[in-house]
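The values are calculated or read from the model by the stated rules, or taken from the named source; none is laboratory data. Predicted model, so just to flag it, every value in this text is computed and none were measured. We place every Cβ from the backbone using ideal geometry, glycine too, and count neighbours over all the protein chains shown.
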Amino acid sequence: MDIGILRRDGRTDAFFDGTAAERLMIRHCAECDVHLAPDATSCPGCGDEDPGWARASGDASLVSWTVTHGRPAEDGTVPEPALLALVELDEGPWLYTRLAVARAALREGLPLTAAYVHPDEGESYLLFTERGSVG
Ligand SMILES: [Zn+2]
């Protein structure tokens, strides 16, 4: 299932380099002084097709979410359900992301903060946890 979570494709290298260094990088058009989603392909204000990058605070609030149940593997193991969410960054852009929040705590507007996962293999990735919670 692909809901638009970012993949490294050359255009998003700055994002993944940032994630590896525990920084949330998003697009920023200097001309319009507006923040854009990391996967924005152009600035809607001036049409710049290669907006720059800026470091975001990592703070966000929850807009909506969905629980996905993966398909069982061939050996019958059922993967943990994953929480996928749409969050609004404090800088304005919306981002599809994974969520590590207790299901009971989920509510619209929940304050979130970025956290980073560095798997043994593959790209480091971003998820969001409840702001103020430990871990
Ligand atoms: Zn612009």
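A quick yes/no check of all residues on (1) in contact with an Asp or Glu (Cβ under 9 Å, 6 or more places away or on another chain); (2) under 25 Å from R27 (Cα atoms); (3) among the hydrophobic types (A, V, I, L, M, F, W, C):
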| residue | (1), (2), (3) |
| --- | --- |
| T41 | yes, yes, no |
| P44 | no, yes, no |
| E49 | no, yes, no |
| A54 | yes, yes, yes |
| L62 | yes, yes, yes |
| G70 | yes, no, no |
| A73 | no, no, yes |
| E80 | no, no, no |
| E88 | no, yes, no |
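Could you please let me know if L89 is crowded, with 16+ Cβ neighbours inside 10 Å, in contact with a helix residue (DSSP H, G or I) (Cβ under 7 Å, 6 or more places away or on another chain) and either free of Cβ contacts under 8 Å to residues at least 24 places away in the same chain or not hydroxyl-bearing (S, T, Y) (or both)? In short, no. The lone criterion from (1) touching a strand residue (DSSP E or B) at 6+ places or on another chain (Cβ under 9 Å); (2) within 26 Å of A40 (Cβ to Cβ); (3) of a type in the set (G, A, S) left unmet by G132 is number (2). Out of all the residues in the stretch 69-83, is one or more surrounded by 17 or more Cβ atoms within 10 Å (Cβ to Cβ), modelled with pLDDT under 95 and in contact with a strand residue (DSSP E or B) (Cβ under 8 Å, 6 or more places away or on another chain)? Checked the stretch 69-83: at least one residue is surrounded by 17 or more Cβ atoms within 10 Å (Cβ to Cβ), modelled with pLDDT under 95 and in contact with a strand residue (DSSP E or B) (Cβ under 8 Å, 6 or more places away or on another chain). Being over 18 Å from the mean Cα position of the chain (by Cα) and not hydrophobic (A, V, I, L, M, F, W, C) holds for only one residue in G122, G47, and it is G47. Scanning the stretch 103-135 for residues that are surrounded by 12 or more Cβ atoms within 10 Å (Cβ to Cβ), without any contact (Cβ under 8 Å) to a residue 60 or more places away in the chain and acidic (D, E) gives a single hit, E130.
Set side by side, the residues E49, E22, E91 differ, and just one is closer than 16 Å to F128 by Cα, within 16 Å of the ligand (Cβ to nearest atom) and not basic (K, R), which is E91.
Just one of the listed residues (E121, E130) is away from the ligand (no atom under 16 Å from the Cβ) and either closer than 23 Å to R7 by Cβ or polar (S, T, N, Q) (or both), namely E121.
Quick one: what pairs do we get from the stretch 25-41, first residue under 20 Å from L86 (Cα atoms) and within 10 Å of the ligand (Cβ to nearest atom), second of a type in the set (G, A, S) and part of a strand (DSSP E or B), C-beta under 6 Å, 6+ apart or different chains? What qualifies is H28/G52; H28/A54. Checked against (1) on the phi < 0 side of the Ramachandran plot; (2) under 15 Å from the mean Cα position of the chain (by Cα); (3) away from the ligand (no atom under 16 Å from the Cβ), P81 meets all criteria but (2). Within the stretch 34-53, the set of residues being in a loop (DSSP other than H, G, I, E, B) and either closer than 22 Å to P111 by Cα or of a type in the set (S, T, Y) (or both) comprises A37, P38, T41, S42.
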